[in-house]
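Notes for the one structure printed next.
The values are calculated or read from the model by the stated rules, or taken from the named source; none is laboratory data. Quick caveat, the model's predicted, so the values are computed rather than measured. Cβ placement follows ideal geometry from the backbone for every residue including glycine, while neighbour counts extend to all protein chains displayed.
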Amino acid sequence: MEALLKSLSIIYKNKTAFVGFIILLSFVFMATIGPILVPLDTSAHTEEMFQPPSIRHILGADYAGRDIFAEIIHGSRSVLIVGVLAALISVSISVLIGIPSGFMGGLTDWILMRITDIFLTIPSLPLLVVLAAFIRIGNPLIMSLVLSLTSWPGLARAIRSQTLSLRERDFIEAAKVSGLSSMYIVFSELLPNMAPYIAISAIFAITQAVYAQVGLFFLGLAPFTSINWGVMLNFAVSQAGALYSSRSVSYLLSPIVCISLLQISSVLFVRALEEIFNPRLQK
Amino acid sequence: MKEILLDIKGLTVEYLSNSKIIKAVDNMDLAVYKEDVIGIVGESGCGKSTLAMSILNLIPSPGYIRDGLIIFDRGINILNLNEEELNRFRWEKISMVFQAAQNTLNPVVKINEQLNDIISAHPNINTSIRERVIELFKLVKLDPERVLNVYPHQLSGGMKQRVAIVMALILEPPLLILDEPTTALDVLTQKQILETLKELHKTKNISMILITHDLSIVAEIAERIAIMYAGKIVELASIDEIFYNSKHPYTKGLLKAAPSIVGDIESLVSIPGSPPDLSSLPKGCRFNDRCPFVKDICKETEQPLLTEVLPDHLVACHRWREING
Amino acid sequence: MDNNILMRIDNLNKDFSSRESILGKEIQIHAVSNLSFDIYEGEVLAIVGESGCGKTTLGKILVELLEPTRGDIYYRGKKLREMSKKEFRTYRREVQIVHQDPYAALNPVKTVYQTLSSVIIANGIARRSNEVREKIDELLTIVGLTPPGEFINKYPHQLSGGQRQRIVIARAIAPNPKLIVADEAVSMIDVSLRIGILNLLLKLKEELNIAYFFITHDFGVARFFAKNNRVGVMYLGKIVEFGSTEEVIRDPLHPYTKALLSAVPVPDPNLTRSRKLLPLKSLDIPNPANIPSGCKFSDRCPYSMDRCYRERPELIQVDKNRLVSCFLHIKGCL
């Protein structure tokens, strides 16, 4: 509890990180409670087509007269859930492969890295296209798995590098000599020192997963089961002619701005994370 | 009476830490004469490196020079020079060999190019550089053939340090500052560099400020020594006076605490306590929590001022008379 | 001093391969070269040498952080390679290390309590938390950090350098070791505090019968710590001189030892200014690719003779407890 309060105060003290934190919190709010508070009327109202932003439609209306603001809010849920899930799976796999690989070296390292390399060389987009033809990507869990499949290798390599450099440090050597088991050293000495790196990677992995998802929907590779940011982008171009006319500007920009805000707020928030994890940096 | 080359008056350097103001150097006065070799000796947290950096106005933030004058050759206040004047001043009038100077060489540029860079940055100096370079290389026992046309990583630590010394002297400045020039060097190279500096001083009459934590090193080449503790000078005297007739308890403590290959090892004893925490210094004399001669006066009255107790021998201690009999 | 041999080093070799440049030749660096010596219970064996001589590599091999390329280490008479699990666990407990940099040797995100308790529990010294706490208090008191309560919850960055090194020492003695490898244990400590740390180590030697393998580049520190004990001088992977500390310093036999002793500055201006560096032919250690094929010191030694360039001298006993590897001291050579 005390640690939580201390973390919060650190975030508060760093103004830019605080801004990032608030924005991220808003997104969480948007995805969890938002859809309950703001109802989405999915029926078409042709009389409201392409309405510019007004009091009734804060962000305007889309090509079928539906409220864009409500669509953004409802659309955030699946995007963020899949994003978080994909990031969790991806980071877990990377840690389970990267740390033992870096710490134990030798044959283990060689085998794990060759496996990683194989996955690294598979081009993600064609793989996703092929998978989309065979698997029901509509299911969020499946979608998360598929997305993490292509993102874990890069992270695993990065974590392995971190492990390699930490392994040579005197305090790890001292831990070995004082009789601590390898398992203990990896989890209790090494991992806490990598926590900031892993946490930060996790935050960025979420953003990456959101990008990837939106990309999939935009390219029409995933089924449109419900409205979400990627679907909105797709419709903005295909149905509303966003590339040719200015009438659907807000329809195009709304999801883009949201994704950008997500990215920016992650970057800002991450600054505070570093300080929370490292007692040395705490002023 | 020797002429003063560098006159530091009332220098105070502070930095902000944890919203507290820390005085790394506190109201310091120090004069360096022409052809002087002065050693500044102290341990962690005493402010000697800060002092060195402030002479050339090189204090990085969050530190800043709060007060003081640094007068060069009785005319120029270094702290008042603007950027352009400073760039000319540095290396022409005062140059510096930094701690671990081997790390200040540009790793992707060959040695001769780095030397050329210095020369072209100071176009108003026009003497035969090439001869001087060869002469300096000979002085530091470096083979120009071997060293000029290579990258820094192809040289050993000792060789890089000697290159850094050559680079500092190439424009023949009258004052050279060396900050821990021989740390991280092995003992043979260290001795050679110290002998080289002695040679330099003799032949070129360069003044030197040598900053170190090791009394044995200043014993080799210094003529005067200033002992620093917690941002202040506590004793300032000639080398013989410091080693054979010290007055301040800290100086005595340092001399009794240094293990060496000569002298009585039975009587060696550490100074109790830890190096001072500049953010929470004791009231009164800053050394009072570690001093074996501490009495009430040391804790209650103001910090002792640096006063001349013998000709050219200054001490900052309330009880110097009683302690020294 | 006991006559029991605690550790025996037999023909130890450690090679590293390295390249001069990306496309350059691969060269073998003989970091440790055919070393053989014994460490006795409760003694101090100091090794003096400069950077690149292999002393740190040797230290790491003794605590099994590195594997030797060739050669054997015997602990209490048993070869390390052939030990049973139980014997190895004993070795692991009884041989500990103290590093040079106290800051790097402590986990920055762990408190003093966490660091010490993990070692105490892992070695079965205590298990219940009140016993662990008692043991920690005891250790902190032994190393001079009192009152212990003041230090238990501190992180390394909240302690001074000297205090950190004392924690490192506390961790090293927690498993009740019989041999501590100290690699430049006081080099990063302020000079005014070194004697305090060294005296602490000597006190532990007396009270707990701990032997030290003391690595340093500073002859002055070696003279103090290895008083009435032995010192070895290392150069490019070999021990070139061995003997009692006082004798080696008073009357060095090997030219490299002479050079080192002539170069060490002393805190006495009259004395230090009258000492001249032994005139060496070259100031720098040779490139790893250019190590002389005869005596490794022949390219720098002012006394080198023909034989020195052709043959490599062995470490030979020239007097009671005195060994040197130099042709100048082998009868029939001069």
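A few notes on this one:
Each row is one residue, and each column tells you yes or no for (1) in contact with a Leu (Cβ under 9 Å, 6 or more places away or on another chain); (2) closer than 28 Å to residue C:263 by Cα; (3) not charged (D, E, K, R).
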position: C:55; (1), (2), (3): no, yes, no
position: C:72; (1), (2), (3): yes, no, no
position: C:83; (1), (2), (3): no, no, yes
position: C:92; (1), (2), (3): no, no, no
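- Elements of the type strands (runs of 3 or more DSSP E) sitting completely within segment C:224-334 and holding at least 2 residues that are within 14 Å of chain B (Cβ to nearest Cβ), in contact with a helix residue (DSSP H, G or I) (Cβ under 9 Å, 6 or more places away or on another chain) and aliphatic (A, V, I, L, M): these cover C:230-235.
- Of all residues in segment C:34-64, exactly one satisfies the criterion of being of a type in the set (Asp, Glu) and within 14 Å of chain B (Cβ to nearest Cβ), namely C:50.
- Number of residues in segment A:167-194 that are within 8 Å of another protein chain (Cβ to nearest Cβ) and under 26 Å from the mean Cα position of the chain (by Cα): the value is 2.
- Listed conditions (1) more than 11 Å from chain A (Cβ to nearest Cβ); (2) under 30 Å from residue C:75 (Cα atoms); (3) of a type in the set (D, E, K, R) are all met by residue C:171, apart from (1).
- Top-ranked residue of segment A:1-29 - restricted to ones that are polar (S, T, N, Q) and part of a helix (DSSP H, G or I), ranked as farthest from residue A:274 (Cα to Cα): A:26
- Single residue of segment C:105-120 satisfying the filter (free of Cβ contacts under 8 Å to residues at least 24 places away in the same chain and surrounded by 20 or more Cβ atoms within 10 Å (Cβ to Cβ)) that is nearest to the other protein chains (Cβ to nearest Cβ): C:118
- Any hit, segment B:257-280, residues being assigned to a helix (DSSP H, G or I) and under 30 Å from residue C:226 (Cβ atoms): yes
- Taken together, the criteria place residue C:92 among residues that are within 14 Å of chain A (Cβ to nearest Cβ) and in contact with a Gly (Cβ under 6 Å, 6 or more places away or on another chain).
- Total residues in segment B:151-160, condition more than 13 Å from chain C (Cβ to nearest Cβ) and either modelled with pLDDT of 90 or more or part of a loop (DSSP other than H, G, I, E, B) (or both): 0
- If the condition is being in contact with a helix residue (DSSP H, G or I) (Cβ under 7 Å, 6 or more places away or on another chain) and not acidic (Asp, Glu), then segment B:166-184 contributes B:166, B:167, B:169, B:170, B:171, B:173, B:176, B:177, B:181, B:182, B:184.
- Residues located in segment B:242-257, provided they are more than 8 Å from chain C (Cβ to nearest Cβ), in contact with a Leu (Cβ under 7 Å, 6 or more places away or on another chain) and either closer than 19 Å to residue C:265 by Cα or of a type in the set (Lys, Arg) (or both): B:256
- On inspection, residue A:96 does not qualify as hydrophobic (A, V, I, L, M, F, W, C) and closer than 24 Å to residue A:265 by Cβ.
- Matching option when the condition is of a type in the set (Gly, Ala, Ser) and within 14 Å of another protein chain (Cβ to nearest Cβ), among A:98, A:154, A:105, A:138: A:105
- Residue check for residue B:163: within 13 Å of chain C (Cβ to nearest Cβ), of a type in the set (Val, Ile, Thr) and either buried (at least 19 other Cβ atoms within 10 Å of the Cβ) or in a strand (DSSP E or B) (or both): yes
- Test set (1) closer than 30 Å to residue A:41 by Cβ; (2) part of a helix (DSSP H, G or I) - residue A:241 fails condition number: (2)
- Single unsatisfied condition, residue A:202 versus (1) over 28 Å from residue A:17 (Cβ atoms); (2) more than 10 Å from chain C (Cβ to nearest Cβ); (3) surrounded by 15 or more Cβ atoms within 10 Å (Cβ to Cβ): (1)
- For residue C:101: the one exception among (1) touching a strand residue (DSSP E or B) at 6+ places or on another chain (Cβ under 8 Å); (2) under 26 Å from residue C:216 (Cβ atoms): (1)
- Test for residue B:182: is it over 27 Å from residue B:23 (Cβ atoms), in a loop (DSSP other than H, G, I, E, B) and polar (S, T, N, Q): yes
- Test: residue in segment C:121-135 that is assigned to a helix (DSSP H, G or I), surrounded by fewer than 18 Cβ atoms within 10 Å (Cβ to Cβ) and in contact with a Pro (Cβ under 7 Å, 6 or more places away or on another chain): no
- Within segment C:2-32, the only residue that satisfies the criterion of being out of contact with any helix residue (DSSP H, G or I) (no Cβ under 8 Å at 6 or more places or on another chain), under 13 Å from residue C:237 (Cβ atoms) and crowded, with 18+ Cβ neighbours inside 10 Å is C:30.
- Among the candidates B:195, B:180, B:199, B:172, residue that is surrounded by fewer than 24 Cβ atoms within 10 Å (Cβ to Cβ) and within 11 Å of chain C (Cβ to nearest Cβ): B:195
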